[in-house]
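Since the structure comes first, as structure tokens, the remarks are kept for the end.
The values are calculated or read from the model by the stated rules, or taken from the named source; none is laboratory data. This one's a predicted model, so the numbers in the text were calculated from it and none came from an experiment. Note that we place each Cβ from the backbone using ideal geometry, even for glycine, and neighbour counts take in every protein chain shown. SASA here: full protein model, heavy atoms, side chains in, ligands and nucleic acids out. Shrake-Rupley method; radii C 1.70, N 1.55, O 1.52, S 1.80 Å.
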Amino acid sequence: MTDSIIKVVGLTKIYNHTVLAVDHISFEVNRGEIFGLLGPNGAGKSTTIGMLNTLLKPTEGTALIDGIDVTKEPSNVRKIIGVVPQEYTADEDLTGWENVMLIADFYGISRDISRQRAKELLEMVGLTEASKRKVETYSGGMRRRLELAMGLINKPKVLFLDEPTLGLDVQTRTAIWEHIRKLKSEYNMTILVTTHYLEEADEFCDRIAIIDRGKIVKADTPENLKKGVGGDIITIQLTKDGKDVDQALKGIQGVTEVKNNGDGLITLKVIDGGAVAPAIIKAFTQMNLNVTRLTLARPTMDEVYMTYTGRNLREEQATSEETFTMRRTMRTARS
Amino acid sequence: MDEKGINSGPLHGLWAVTNRELKKWYKEPFIFIISLVQPIIWIGLFGKAMNLGEIFSAGSLNIPGLDLPKQIIDSLSQEILKSTFGTTNYFSFLAVGMLSFIVLFSAMSSGMTIVWDRRLGFLNKMLTTPLSRGNVIMGKVLSSVIKALVQAVIVLLIAVLLGLTFSAQFTVFSLAITFFALFLLAMGLSSLFIMLAIRSTRWETQMAIMNLLNLPLLFASNAFYPVKFMPYWLKPIVMVNPLTYANNVARAMLIGVTPTASVAFSVLYLVGFAAIFSFIGIFLSWKYISS
Ligand SMILES: Nc1ncnc2c1ncn2[C@@H]1O[C@H](COP(=O)(O)OP(=O)(O)OP(=O)(O)O)[C@@H](O)[C@H]1O
Ligand SMILES: [Mg+2]
């Protein structure tokens, strides 16, 4: 039995009666799952999260968080969720500690409990020392970690993370994901996360929904998604050209595509590469051809993403990081 | 989810919102001091340097050929001052007017804080917590009122140091009534400016609104000059301007100027102003704070 904690049915958002940002999407997230939303800029990820965390009113459709309707009982939903938005929200004029305590007050958590929790959370994200300083002195990574601590102060059942690692260096990104993993394993927290980094989604999400132009085009485990795009890639290097081998290779069960330029380098698309590889070597031996090298590559999320959105996320990543940096500059320009 | 230790009463978080604003203010004494400079300059400039009262003093009113004794000129000028400003001391008249001025300026900037909160995402953060939308707004209003009143106290103290003289009837009670009137003024004005800022994401717009409203509100009131000598077309505007009523109360209470509208009526007018605007302000803000 799967126990779904987020249930979304036909959720739709039209901004200003004109911009269709989210178009009748439906999905479920299981309790204790890390669920990723993947999609190009403007696909509707933040809008979806906004409707689930009660910030935006859906134009149509319903969403239940742990059985509570986001439109009918928003204040009850707010009690059980944690939100780490795409932009930095901490008050820069206050210290890290003051920020966390402020959010605790918004949740109505009594002082003795919130002090203890704030201490633990700041410890967890490694900001104990820095928490006495004003947030305006923090680096990007520190701000993210502070946002995470702020989003966790009410021990939420469901945590929404919108681009938690955007614009951070690889080390900090890994550290943030380690925290996210820990939340799942230690507290069985459900996490809905958006990201532009495909390898992160691949490595850390239990399931991924690919969203494009306001619609979910595909949702599955990373494993299945990758299988779905046509299996593994085997590259073979021969000593001779091997011009007439195509027919024989296509006859092997599991091989779906053969690319052979006749220069001794052959690329095959196969289903379950590990199982097919021995059969391929055998076939070449029978044809009296020597295989000098065989490499087996799994398809990456890049290919999955290409297949379902027709776009390359690498470029998107760059534009996202750019806008993000711009926003930060604007924040700094304020004072 | 442990329910113990959770306060979900209707007012929870109100003080947290209020205190956040106050903290930023008293932790940045620079901003705090800057905000006081303006009314003090006005007091100094108009109250001391360009003192209207001086025009009527014996020295300047000496008419050649008409050798009036100094005593007569003195009593004549006292009479003119008295009948114009209701007091013989223009400096006191103006200094008390500056109390509503500082309240106006303080309340105006409250709209700004909500624009920044929206712009910087803090508002959204607040709105995803169980904090009620009403408390988000009330906290803003409350902090603005507290700031305004603290600034008014400081302006009054400085005015006293510079020579403001209280009337003979002045008591602690007069002070209480004055600050009650200023409280009502601050409440209504803060609500008004927060309401005007509620959907704005651009601080430039907010600045424009502030600049558009501040001087007219100030000069179309009796802050600098008594109503009875104003042109007929200006009078109706002055008479709906809440600043006029706050000045009425403050002047009657502190320096004994007989007001154009009675103190009781003025206070009542301010109660109405504060009630209506905070109600509309909180209602509209609650309705339009999120999309
Ligand atoms: N407040 C708004 N008013 C009008 N249109 C909006 C608003 N917010 C978002 N949109 C539009 O809705 C669409 C979805 O935006 P959304 O922010 O949800 O995308 P996203 O997937 O989060 O993109 P990104 O990867 O850039 O964060 C976009 O076309 C965007 O321009
Ligand atoms: Mg987004």
Every residue from region A:84-104 that is modelled with pLDDT of 95 or more and at the interface with chain B (Cβ under 7 Å from one of its Cβ atoms): A:L102, A:I103
Filter pass, A:T18 being surrounded by fewer than 24 Cβ atoms within 10 Å (Cβ to Cβ) and within 16 Å of ligand 1 (Cβ to nearest atom): yes
Pair list, Cβ under 8 Å, 6 or more apart: region B:4-30 residue within 7 Å of chain A (Cβ to nearest Cβ) and open to solvent by less than 50 Å² (accessible area, probe 1.4 Å), other residue β-branched (V, I, T) and in a strand (DSSP E or B): B:G5/A:I109; B:I6/A:I109
Residue in region A:32-50 that is open to solvent by 30 Å² or more (accessible area, probe 1.4 Å) and of a type in the set (S, T, Y) present: yes
A:Q253, sole failed condition from (1) assigned to a loop (DSSP other than H, G, I, E, B); (2) at pLDDT below 85: (2)
Only listed residue being more than 16 Å from ligand 2 (Cβ to nearest atom) and modelled with pLDDT under 95, chosen from A:S26, A:S4: A:S4
Residue ID - nearest to ligand 2 (Cβ to nearest atom), chosen from residues in region A:181-197 that are more than 14 Å from chain B (Cβ to nearest Cβ) and within 14 Å of the chain's Cα centre (by Cα): A:T194
Only listed residue being more than 10 Å from chain B (Cβ to nearest Cβ) and of a type in the set (K, R), chosen from A:K79, A:K57, A:K119: A:K119
Index of the failed condition, A:F160 passing every other in (1) away from every other protein chain (no Cβ under 14 Å); (2) under 27 Å from B:P10 (Cβ atoms): (1)
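For every residue, the table says whether it meets (1) among the polar types (S, T, N, Q); (2) open to solvent by 50 Å² or more (accessible area, probe 1.4 Å); (3) assigned to a loop (DSSP other than H, G, I, E, B); (4) within 14 Å of chain B (Cβ to nearest Cβ).
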residue	(1), (2), (3), (4)
A:I113	no, no, no, yes
A:S131	yes, no, no, no
A:T172	yes, no, no, no
A:H179	no, no, no, no
A:E199	no, yes, no, no
Residues (part of a helix (DSSP H, G or I) and touching a residue at least 12 places away in the same chain (Cβ under 8 Å)) located in region B:154-173: B:I154, B:V155, B:L156, B:I158, B:A159
Residues that are hydroxyl-bearing (S, T, Y) and modelled with pLDDT of 80 or more, drawn from region B:1-38: B:T18, B:Y26
Set A:T59, A:T54: member being more than 8 Å from ligand 1 (Cβ to nearest atom), free of Cβ contacts under 8 Å to residues at least 60 places away in the same chain, among the hydroxyl-bearing types (S, T, Y) and touching a helix residue (DSSP H, G or I) at 6+ places or on another chain (Cβ under 8 Å): A:T54
Test: residue in region A:132-144 that is within 16 Å of ligand 1 (Cβ to nearest atom) and at negative phi: yes
Among the residues listed as B:L131, B:L142, B:L149, B:L81, the single one being touching a residue at least 60 places away in the same chain (Cβ under 8 Å) and under 29 Å from the mean Cα position of the chain (by Cα): B:L142
